[in-house]
Every structure is written in C-alpha cells, then in structure tokens.
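Every number in this text was worked out from the coordinates using simple rules, so none of it is lab data. The structure displayed is predicted, hence computed values, not measured ones. We place every Cβ from the backbone using ideal geometry, glycine too, and count neighbours over all the protein chains shown.
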Amino acid sequence: MIKLSIRYINLIVLTVFVLLVFSFFLPYLFPGDLLTNITGITPETQQQREALEIAFKLDKSIFHQFVFYIENLFSGNWGVSTATQQSLKTEVALFFPATIELVVYALLFSILVGIPLGFIGGLRHHKGFDFPIVTFSIVGYSFPVFWIALIFITVFCLQLNWLPTSGRLDLLYDLPSVTGFVLIDIALSDIEDKSAAYKDAFRHLILPTLAVSVVTTALFARFVRRSIMDVMEKSYIIAAKSRGFSPWQIFLKHGFKNALIPILPILALQVSTLITNVMIVETIFSWPGIGKWLIEAIYQHDYPAIRIGMLAVSIVVMILTISTEFLTRAIDPTREKVEHATF
Amino acid sequence: MKSYLANLSRILIALLLCGCLAACEKRDIQHIKNAVVYCSESNPSTFNPQLDTSSTTADATAHQIYDRLLEFNPENGRIEPGLASSWLVSDDGLTYTFQLRRGVEFHTTAYFTPSRSFNADDVIFSIERWKNESHPYHHVNGGSYPYFDSLGLADTIKEVRRINGYRVEITLDSPDSSFLANLATDFSVMLSAEYAMKLLAEGSPSRLDRYPVGTGPFKFVQFRQNQFIRYQRHESYFRPSQGIDQLIFDITQRSSLRMAKLITGECDAVAFPSQNDLVVIEEREDLSLYEEPGLNIGYWAFNTSKPPFDNPEVRKALALAVDKTSLIDAVYLGQATRAKSIVPSTSWAYESGARELGYNPVRAREILTEVGLPANFTMDIWAMPVQRAYNPNALKMAQLIKRYLEDVGIEVNIVSQDWNLFRQNLTNGFHDSVLIGWKADNGDPDNFYRPLLTCDAIPSGTNRALWCNKDYDALIEQALLTDDIEKRRAIYHKANLLIFEQFPLMPIAHAYQYQATRADITGMEINPFGGISFERVKRIQAIQEAEVRND
Amino acid sequence: MQRFSHYQEEYYPSPLMHVWIEFRRSHIALIGFILLLSFFTIALIGPLLAPFDPDLQNTNAILLPPAWEPNGTVVHILGTDGLGRDVLSRLLYASQITFGSSLLVVIVAVVVGVSLGAIAGLLSGVKSSVVNHLFDSIMSIPTLLIAIIIVAILGTGLVNSMLAITLALIPQFVHQTRTFVKSELQKEYVLLDKLDGARPLQIFTHSILPGMVELIVVQASLALSIAIIDISALGFLNLGAQSNFIELGQMLSQSLDVAYVATWLVALPGFFILLMVLSVNIVGEGLRSALRNRLSH
C-alpha cells in the first residue's frame, strides 16, 4: 500500500514537472514578443523594456529563468493578462470554480441517470427496455454538444421561454465571489431573498448541465450495460443462479460491485471528454468558466492567460485521473493495470 | 427492476416539474431592483473616452459616467448647456468663456470619495491632459488621444485659463467654427482633477482610466472582461431624473445571442440588432424597434502606404470590380442609402451630384493589366468583427467582395480578429484594405472629412487608409476658417472631387441606425451624435407601480 | 456433368467473413453501414454530386427556404444562405472536408500510435515503464486544451486543428498496442518465433500485428467518431477551418447570425454531423458485437 502510494505520488510529481517544463517553454513558441508573452505587459519605452527584462531575469540563462518561473508560480505570482492587465491568479480563481461546478453537476446527473440506465439495459439485455436504452446510448453519444446546446436554447428559451440562455445567475444579483462556487457564494452572501437567488441559479444551471450530460450519460449507460452483461455471464453468477438465488439477490450481492469496480477508472477517464464538452458549452451559454475564458484568450492573443490557464486545467485533470487510478488500485489490488477505453 | 423504473420516472417527472416551476416564475427581479440590462457588443478598451474613438467605449462611458461642458440636443443637433451653464464667444472667434454650473457632485465610489464639487480645475485638468504633452497625465495609458489628435485640436487651443472657480476661458490660435461642437462630443468628457491628483500621489495614475470617476448619471461599480459592466445610479446627479437605479451592460459579442437574450427578457435592450432580425423584432409585441437615419458612413479603405495600393489606379480598379448595389442589398438588406461621397444626405455638406465609380469589371481588369499587377495577386481584406450600424456584417461583405475580386483575378484573404486587437493592428498599418466605417460625433461635416482622411488622423488611428495629401488637408483647414455655409459647402465639394480622383477609400453606404428594446422600456431614443445614454430610460411598469403607490 | 458432394461438408468461414456474417444479422448495423458508405462516397466524390459551386453567390436569392417550404424552389433543394449560396452544395463540400479530414486524422493517429506502441511494447525495463506512465497521464489532457495550445502557437486553420486532434488521439493507440504486444510476448507462438531467430520487428509485423488488426479497427471507429465531433467543434469555435474551407461546424457557427429567419441553416449542418457520427458509432458498435459473438461461438 505504502509502496503504491509512493509510486503514485512520484507519478504526480513527475507529470506536474513535465507540465511545468512544457508551460515554461510555451512563451518561446507563441508568436509575438517574448517579453509580452511572458509578462503580459507591453513595454512602451526601451528603458521600460530593459527594466522588465532584468526583472524577469531574461538576461540570465534559461535555467535561471526556469527557476524564477517556478518560484513565481509557487509564490502565487502568476503574471498578468495582456487583455485585462488583471492578475492571472485572480482570474483563474474567478473562472475555474465555475467550470468545476458545471463538471460536478454534469457528472452527478450522468451518474444518477446513466448508471441506473446501464443496469437496466445490462440486466434485461436484448429485451424490453434494453432497446430504447441502447438507442439512447448510441444516439446520445453521437450528438455534437454545441448543436444540442443550440437546440436546447431554441426550444426551452426561445420557443417556450422557460429558462434563461446565459450566465450562472441573473446579473442583477451583485454576488461577491468568495469561493467561486455560485451555490456556496449565495449562502455566504448578504442577499435578502436567498431562496429566490437559489431558484434563479437553479434555472441557469439546468440547460448547460443537461447539454453536457447528454453525451456523458449515454457513455456511462453504455459502459455500465456492457460491464453488467459481462459480469452476469461469469461462472460465479451462473453458480449462484444454479443455487437458486433470485436474480435480484445475485445482482446486489455479486453483479453490482463486480460490474462497477472495473469501469470506475474508465468513467474517470471520461472526465477529460467531459471537460472538453463543458468548455464548449460554456461559450454557448456564456457560462463564466475557464473554457470560455481560454477561448476568448485565444481570440485576444492573450498568451500569458493561455499558458497559465492550460497549466491550471491540465494539472487538475491530471491529478484527478491519477488519483482515481490510485483509488481503484487501492480498492482492487488484483488489478494489474487499468485498461484504457477498450470498449 | 420495476421500482428502478418507477424511481427513474419519478426523478424525470420531478425534474420536469422543477423546470416548469422555475419557468412559470416570472422574471421580476428587474422590476424589483428597477434595473435595466443592456446587451452590448464588445468590451470597452478603457473607461475614458478621451483615449479611444471606438463607439463601444463611448457607449459604455460617455453618457453614463461622464458629462461634458456642452451637450447636443439629440433631436436637432443644437448645442445646449451641459456642465457649462452659459458661454460667450468673442467677436474675433478666438476667445471662449464658459460659466460652470455650481454644485455638480462627482461620484462617491468604493475607491474614491470626493471632497469638493466640480469646478474650473477639473475643466483645466481634463483639457490639459490631452493638450499638454508635459502634463503628468499625458503619457498615462498610452498617451494617445485619437479624436483630438486627428483634429489637431491640441495645436488649435492656445491656452486654457481659470478666471475664477466657476469660470474658464479658452483661447484659440485661429478661429474654428467646429470648436463648440467638438466640446460637446463624447470624447470631451470632464474628469475629476482631485481624483487624478490622489492617484498620482498614490503612484497609480493608470487607475484613472480603469476605475473612472465622473459627474454623470451613473457611477461605475464593476467591470469584468467579456462578461459585464455594472453601474449604479448617481443619487446626487445634477439633472434629477426618475430613472433606473441599476444599469448593467451584458457583454455579448454574437448578435444572435443578443437577440436570444432580448427574446427571453434577459436583456432589456440590445446593441446593433442584426438586419435579418429586424423583421422578427417588429412582429413581436413584446419588443420595440427604434429607427433613425444614421449620420454615418461604411467604407472600404485601402492602405495607401503599401504597394500596390499606393497607386490610385489600383484602388479604383478594385472599386470598379465590386458591385456596390449588391453589397447594400445583401448586407444592409436595403436598410441603407448608397454612399457617393463620405457625408450622408442628412448633412448640409452632402453633394448629390458627387462622382462615384460604377460596377465595371471589364474596365477593372484592363486597369489591372495596365498597371502590371502580378498574376495570382493576393490581398487581405480586414473585416471588423463587431457589428456597427454602418456595417452590420463586415465578414459577409468581405465574402461578397472576395467573389467579385476573384472575377478579376485577385485572390482575397479575409482577416478578422478580436476588436481591440484588430484596431491596434490597423493603426500599425498591417492591413491591405479594411471594411470599417465612421459614425458622426457631431453634426458638422468636418467630423467626417478631418478624422477619416487627413494626415494628422493617421497616427491617431482614425484614418484607416493612411492617406496623406497636403492639398486635401489645406482644403479641410480652409473650410473651418469661415462660418459661411455656402463657402464651406463649395470647399467640401472640392474635397469630394479630390477623394474621387485619389480614391483612398470606396464609400459604400449610409445606414439606418437601429435599437431594439423590450416593450416596457422607454426613453431609449437613438442619439445620432454619439453614444447611447440611459439617463432618461425607465420601465413602464415601474412607473405605473409608483403611480399606484402615490394614489 | 453435374458435380455434387458426396460428403457432408462443413463450411468454415474465414474470420473476416465470420465477422461480416455476424455483423449483417443486425439490420440497424447494416443501415449504419450503408450510411457510412455514403459518407465515404461523399468524401471521395462529394464535389461531383454538388449541383452548384458552393461559393457561387447570388444576391438575388438570399435565404431561400428549402424546397418543401412554401417559398422554396426546386432549384435550391435545401435553400440558400445569407449570401445566396446553395446549401446542398455547401453541405456536400463541408461533409467532404469534415469526414475526409477526420478520416485522415485517424489514419495518421493509427499509424503513429501503433508504431510507437509497438516500440514501447517490445522494449522493456524501468525507463519504459516511467515513460509509459507519463504518457498515460498526458493522455488525460482534454483535446480542446491541446487544440487551444496548438492554435495559439500555429494560428487557426483546418490543418492545425487536425494536428491537434491527431496528437490527442495517438496516445490511446499507443496504449492499446503496447498492452497487446506485452501480453502477446508472453505467449508461446512468439517464443517459437524467437527460437526461429526472428528479430523483434519481424515478430511484431508477422506474428502480433495480424492478430490485433480487428482490435485496431474497432478502436479506430471510436476514434473516428471523436475526430468528427472534435473537428466540427473546433470549426464551430472558430479555431479550426477558416473561410477558405467549408466545414460543417464552421458552417453552423456562421449560420447562427441568421438563426431566427433561417432555422434550417443551423439545423442542417448539425444534423449532418449527427448522422455522420451516428453511422460511425452504429457500425463500430455492430463490429464490436460481431467480434464478441464470433469469439463466444
């Protein structure tokens, strides 16, 4: 166990290091002025340029620069955005929680709907409810997420006028960002009518969550169904059947756990797909998350923002993936290695 | 098994019910808070309109946060008192004396509490900042004041002098018949000298243009790039009104999303509704559409500093190759008049008989062969990424032009970038040609002729053709020396001919200006001379409720 | 003379044939297959099928609705867009670009991924294990993030977005090949090759590769559906194909400006993407079941 922990911690450290090195070299690869790419500041005079170069150790060797970069990162000094001249740390702290929030909603929805659907399909495969479930899982998985978001807007916002099209909360609520998670921030705020604010936040999150969830739910249903089908054919299940247990008993006692454990890491791997979809949906629903922020940074050629944003997102995703892998192996030590997306 | 299904269907039904409940709840917070949400099209690049000529910046600042010494009457364009309650012009037209209004309060915000009201020091500071290169604030945040620079106003003004706390005298070097009009434009805003000095003492002068303080009807609360700008009513505004308490600019770059937000009621008013959607807006009872012939010009400017566009013949050939009528039909959907010269027909300087080039691809091809343009010649057309009345869809127009130029053997590459980046690169002269336009800031034709094409307007970034012609500049100067409209008109007609011969740009259209709002919003009349104003905007229902309470 | 068999012959179909027999038992899979074939056809000869030049503008026929609407004309079966261009022709060209480029992306990813995976699998030792682990972790970086970085460095464009998606797809092939090669290396038939004196490369190409072709095809079908969605998503976000190419996602994004007056301009490209991905997924799913059934027989 300890050995395993050390191995995984090693892996995290190593990956983070690789990412740091990669992000360090990004400003050299980006087009434009290296100094601006690193600092986010466009010098107006030659003196200012020289002063900045010295301040950022650009006159020193690459190795010095790298150490300086790492020091700055760890001391929370992440530089400024060229577009807004705001501190990138503040900006990431402002936008990243919104993305995580949406990811969590979508993940919860997909788990609560997708896994039961997969169970039903897997247990009753080729019968009754299996057909609509298989259809949903294939069709749902085939939807381009941006298109389904647009369809939702057309139907629920423009035709039915039920739900708002954009943001996380009505702009009229002047909600100070404390944690960055809107539901927590409402609780912490001094808004008078909190239930109205919650209702408003809820109305805003329905459509983006659903739009992202369609694909993920379909995927989950499909994985779980397949896994249940495999497990239910195993000899120990057949043995249990022959001993006269009811299908429910068998399923709860053997099928449930044995079907879920092997696919947990596969589901965890889908977090990366999920984040891509969330980032796209953010731009459509004007959800103030890191995806929208990064894509706008591209439009505005805001290279310091792209560098830091990429680093923040990839480190979080990476740590998430590696820790799920670690957890699965800790729970189920018989597994030699996680099989990636072989479905 | 069954219970699973039952649970599932229960969950689904509950979700649907929630959705419906949430939906059936009417959006009434806007009424409770007496607020208006305006969907704007882009980010302001600064909160001081002195620094920028983009109408996005002007919309977000000029009439919300600030006031000017003088104001235009939006209906007839006459100059009216603003922060100056009266003014005197000397007989030789060189000395202007302004009597300032007393008791005008600056905004009290989270970052600044004024200790005194508006006075002569603020006027002097606001003008000296752009006029005087040695002023401590002149170089703060770029040191470029495009509107004033393009007019050469810093050189025209000899001195700004304080007579007493509420009286200021401005002397000019030469008479300038458009001087008062320039003081009433969006760019001539009055800043707080006290705030500026405080920031200077703190060592953060650049905050002046990012955390603005003015005297206007709304005070700045918060700006978040690509998201929103939040304003609050200025309680002690000198022109008391029954307007709204909160104003929010919801920054939405796509016109289709702005339209969606207008329909769902997330926005009360939108900037630049797409020409295609005008029909939809007119059909719906819950929306209103305002329309006004615009004082504007959409044009196609060639970068005259770059070969082969430095050759007038090439520029003319390019214009000959494009059918202007079809551009107007497809892009403005007929909601525009064809432009012959650069001023629209609503201006007194309009020349109905101005010469223009027709559509003649055969002639275009001949010229191009004569000047020896290489085969497979490729050029860039920069299409501005935002919608404007004068060009509601530059990208579409660029695609149309691309087709026409292919017919005469020219390959076109369309360039479109983020708006602030785009304008920066234009000022640097990176473009071959650009589809852009100009909206008048005052009714004087000088406001078209000077910023669009004079030499002074090149560094300030309003002369997108980078065209510099001494004869033209002389004509434009000459036109300002007299007040006689007939004489001025004759001079401008000469200028038109010069523009036609040199062809630095192809005038395309003068478009109608539109503004769409929810039906319960009043007071959003279009201001033909500059940025949008929310000072008189009200909610009808809010008014009715107030009346009920009074009864 | 009529020949007939005296013996009751047992017919053993080849493995490939067997898969096909299993595959065609599902009608839905067959429909998906036909759909997929038609997209292949479009990718190959799409431009020949288009009734108009997709860039031909006609300002006299702007925003014509499709033929089945009251104002539609038969000349433009699926109507015209805001510049009067024929939507059907544009859809055909766009499908060609979207499908063709996705196919290309997957082929490159398969070739590169399998080669790298084979090398990784044939090598062994601590170094390879560390590198492999690292590789796996990097695989979890979201595609869009990779695309954003590539676009930031190289600028927007179809080729650049293809490059980004290829990079994102390669790791899964590397991983699968490596795992497969590793497990096969333990088997006896490989040992036999080794005893015969075969070099590692020969072992891979002659013994292991034939056994994993089916696996790769199934994985590639999954990758193809991802590639189509990603290419069109990047086009939609204006990070992929620019106006010199017509691509479905980019077409959809450009149509948004006229969404209220011309719904079909938003509906059609999206529907085409859906159909394309759906057909790939149905065929992929059919293949998987067919392979599974063959093995269980």
- Return the average number of partner chain Cβ atoms within 10 angstrom of each residue Cβ along peptide C:243-250. 2
- Share (percent) of C-alpha pair distances in segment B:279-356 greater than 15 Å works out to 70 percent
- Inter-probe distance in nm under a simple model that places probes 7 Å from Cα toward Cβ, at residue B:292 and residue B:86: 2.9 nm
- Based on the Cβ-Cβ distance from residue A:66 to residue A:261, what FRET efficiency comes out when R0 is 51 Å, to the nearest 0.05? 0.75
- Determine, at each q value in 0.06, 0.09 (inverse angstroms), the log₁₀ of I(q)/I(0) that the Debye formula gives when each Cα of the protein assembly as shown is one equal point scatterer. -0.56, -1.19
- Query: How many nm separate the modelled label positions at residue C:49 and residue B:75, each set 7 Å beyond the Cα in the direction of the Cβ?
  - Reply: 6.3 nm
- Note on the structure: Each label sits 7 Å from Cα toward the beta-carbon; between residue C:75 and residue A:235 the label points are separated, in nm, by 7.4 nm
- Determine, from the Cβ-Cβ distance of residue B:311 and residue A:25 and an R0 of 56 Å, the FRET efficiency 1/(1 + (r/R0)^6), rounded to the nearest 0.05. 0.80
- Message: Can you tally the net charge around residue A:81? Count Lys and Arg as +1, Asp and Glu as -1, for every other residue whose Cβ sits under 10 Å from the Cβ of residue A:81.
- Response: -2
- Message: How shielded is B:324-336 by partner chains, expressed as the average number of their Cβ atoms within 10 Å of its Cβ atoms?
- Response: 2
- Note on the structure: Burial-style ranking of B:315-323, A:234-242, A:99-107, average other-beta-carbon count within 10 Å with highest first, yields B:315-323, A:99-107, A:234-242
- Message: Among C:74-80, C:11-17, how do they line up by average Cβ neighbours within 10 Å per residue, starting with the highest?
- Response: C:74-80, C:11-17
- Query: According to the square roots a ≥ b ≥ c of the eigenvalues of the Cα gyration tensor, what is the shape class of segment B:400-527, taking rounded for a/c under 1.5, prolate for a/b larger than b/c otherwise, and oblate for the remainder?
  - Reply: oblate
- Indicate the gyration tensor shape class of chain B (rounded, prolate or oblate), computed on the Cα atoms with a ≥ b ≥ c the square roots of the eigenvalues: a/c under 1.5 is rounded; otherwise a/b larger than b/c is prolate and the rest oblate. oblate
- Query: Using r as the Cβ-Cβ distance of residue A:320 and residue A:174, and R0 as 25 Å, what FRET efficiency do you calculate, to the nearest 0.05?
  - Reply: 0.15
- Item | Over chain C: helical MRE at 222 nm, DSSP H runs n ≥ 4 each giving -39500 (n - 2.57), nearest 500 | -23000 deg cm²/dmol
- Item | Extension gain (nm, one decimal) between residue B:338 and residue B:483, 0.36 nm per residue minus Cα-Cα | 49.3 nm
- Task: Please give the peptides A:264-271, A:249-256 ranked by average Cβ packing (other Cβ atoms within 10 Å per residue), highest first, as a rough proxy for protection.
- Result: A:264-271, A:249-256
- Message: Let me spell out the model: positive unit charges on the Cβ of Lys and Arg, negative unit charges on the Cβ of Asp and Glu, origin at the Cα centre of segment B:379-520. What dipole size does that give, in debye rounded to 20?
- Response: 340 debye
- Message: What does the C-alpha gyration tensor say about the overall shape of chain C? Classify as rounded when a/c is under 1.5, otherwise prolate if a/b is larger than b/c, or oblate.
- Response: oblate
- Please give the average number of partner chain Cβ atoms lying within 10 Å of the Cβ of each residue in B:37-44, rounded to a whole number. 1
- Would you work out the charge dipole size for segment C:176-297 about its Cα centre, treating the Cβ of every Lys and Arg as +1 and the Cβ of every Asp and Glu as -1, and quote it to the nearest 20 debye? 400 debye
- Message: Suppose a student asked you for the relative contact order of segment B:363-431, using Cα pairs under 8 Å spaced at least 6 residues apart; what percent would you report?
- Response: 37 percent
